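One structure below.
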Amino acid sequence: MAESLRLALAVAGKDIRAELRSRTALLSAVVFAALVLVVFNFARDPTALAATDLAPSVLWVTFALAAMVALNRAFTIEREHGALDGLLLAPLPRGALFAGKLLANLAFVGTVEAVTLPLFVLFFNVDLWRALPGLIGVTALATIGFVSVGTIFSAMAVRTRFAELMLPVLLLPFMVPPLIGAVQVTSRLLAGRPLSEMLGWLRLLALYDVVFVTLCTMTFSAVVDE
Amino acid sequence: MPSCDGAPLLDARGLLRSIGRFPVLHYINLTLAPGEALAVAGPNGAGKSTLLRILAGLMRPAAGDVRVLGHALAEGAPQARRAIGLLSHQSLLYDDLTLLENLAFTARLYGLPAPADAARDALAEAGLAARAHDSPRKLSRGLLQRAAIARALLHRPRVLLLDEPFTALDAASADRLRDLLRARLAEGLGLVIVTHNLAEVWDVATRVAVLVGGRWAGEEPVAGPLTAFLPRYREWTGG
């Protein structure tokens, strides 16, 4: 277990170091998120719908689309010079490889979300201060779920000819349950509703995380090993 | 067909691999003893690189199995994986990491005690110490090949699988690699070298086998000059 954790951290550390050097995924995802917010901000009619009613959906659509951009890179860096072969050759349990990739992707997507949130407040003039701890919690819960599914689909898509196109096609249907849950919880948080009104959705998000992190860990070997 | 006496480092039995209905490898057997260097030659499309990928555990055969140090490779035994080093057509290096970072990461994957030191030593052995902080994308094809060789040898594998290792190397680097391989063979390494150019490996190989159409066409110990072997090679390959 300790050995697997050490290897997972080595894989995650390598991905984060490579990303910090190139900044390809992070910069693209942050710019993309900002553009989505700008589009939503100017496309909406402020007299027809209050910003607080629209804000949760906009926030999560932005997070989801930006995450997709970041997740695309997860395995494309392994395609360069056959680097994935180097990982598969090593005495690296596939569960540890998945965990390492998941940790790195969570760090990328988490960073993108952390940068997007102030922009969201700026554009939609939402008072997040009171709801911030809850919002951080639900963001973490929803992000773990769709990033774990995105990690395995990224590994699957990278072996196809149109990896960048395949990932959204594969991932978007699986993103729907956590996104619905996250939007529901976020709208209640912004409206200052009590925790009891959100428990059902939070349970759904937690269940999604447990089921998909377990399933993805178990099936990852079948995806990466020929 | 190529076999050895004593306990083998590598033991492959009945390897079958097809692409659609076309057999790429047809029930191939191969064993490799410590200190033995098998040169695998053959025409294009003979199945040499496929054989190497199956021996490395990167490809699964439709039938047959590969055992490394007695451990089944298909079961993903860490002892088997740790014992294998592979040089493929690609460098297996990341462009966004320096050479030192690339090799230190590899050392971590193999659980070496001081990854950065192991990486520095490997780069020094490959004559790349001065380029340790360069990205692989800044290297020439020959230097990249030396870095890839350093990566393959980093964890001191017991079984080394080399696919065209002399590609892009200059004469001095090729000689250096041959000396290095001879030294490792003397320490008990088992070596499989896939090549189109037998002249490059003739001084290192202890056995030569020829693969044609996914089957062993012939195999013999390396004895005498290459020129004496070439007529048999032409006969076996139908050329």
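The values are calculated or read from the model by the stated rules, or taken from the named source; none is laboratory data. Source: prediction; values computed, not measured. Neighbour counts run over all protein chains shown; Cβ positions are idealised from the backbone, glycine included. Accessible surface areas use protein heavy atoms only, side chains included; no ligands, DNA or RNA. Shrake-Rupley method; radii C 1.70, N 1.55, O 1.52, S 1.80 Å.
Would you mind giving the mean number of other chain beta-carbons within 10 Å of the Cβ of each residue in B:102-114, as a whole number?
Mean shielding count: 4.
Pick out, in residue order, every one of the chymotrypsin sites (Phe, Trp or Tyr not before Pro) in segment A:149-226 that is DSSP loop and has at most 16 other C-beta atoms within 10 Å; say none if there are none.
Filter output for segment A:149-226: A:162.
Over all residues in A:3-12, what is the mean tally of Cβ atoms on other chains that come within 10 Å of each residue's Cβ?
For peptide A:3-12, the averaged partner shielding equals 2.
For segment B:35-175, just list the percent of Cα-Cα distances falling in each 5 Å bin from zero outward, please.
Calculated over all Cα pairs of segment B:35-175, the distribution is 2, 10, 18, 21, 20, 15, 10, 4, 1, 0 percent.
Using the Cα centre as the reference, give the magnitude of the dipole from point charges on the C-beta atoms of the protein assembly as shown (Lys, Arg: +1; Asp, Glu: -1; all else neutral), rounded to the nearest 20 debye.
Numbers: 43 positive and 38 negative charges, 40 e Å.
Dipole size: approximately 200 debye.
Expressed as a whole number of Å, what is the distance separating the alpha-carbon centroids of segment A:125-177 and segment B:82-97?
31 Å
Taking Cα atoms, how many degrees apart are the long axis of helix A:94-124 and the longest axis of chain A, rounded to 10 and kept between 0 and 90?
20 degrees
Could you give the angle, 0 to 90 degrees to the nearest 10, between helix B:99-109's Cα long axis and the longest principal axis of the Cα atoms of chain B?
Here the helix axis deviates by roughly 70 degrees.
What's the buried accessible area, both sides, between B and A using a 1.4 Å probe, rounded to 100 Å²?
Numbers: alone 11080 and 11340 Å², together 19840 Å².
Rounded to the nearest hundred, the buried surface is 2600 Å².
State the answer as a single residue: which of B:104, A:20, A:158 lies farthest towards the positive end of the charge dipole of the protein assembly as shown, with beta carbon charges of +1 for Lys and Arg and -1 for Asp and Glu, about the Cα centre.
With unit charges placed on the Cβ atoms, the residue in question is A:158.
On average, how much accessible surface per residue is there in segment A:2-224, in Å², for a 1.4 Å probe, leaving out ligands, DNA and RNA?
44 Å²
Which residues belonging to segment B:48-64 lose at least 40 Å² of 1.4 Å-probe accessible area when the assembly is complete, relative to their chain isolated?
In segment B:48-64, residues shielded by partner chains: B:58, B:60.
On average, how many beta carbons from a partner chain sit within 10 Å of the beta carbon of a residue in A:76-86?
On the way: counts 0, 4, 2, 0, 9, 13, 8, 9, 3, 7, 14.
The per-residue average across the peptide is 6.
Would you pull out the residues with amide H under 5 Å of residue B:87's amide H, same chain only if 5 or more places away, H placed 1.01 Å from N?
So residue B:87 has HN proximity to B:161, B:162, B:163.
HN-Hα J couplings of segment B:204-209 from phi, Karplus 6.51/-1.76/1.60, θ = phi - 60°, integer Hz, Gly and Pro as x?
Coupling constants for segment B:204-209: 9, 5, 9, 9, 10, 10 Hz.
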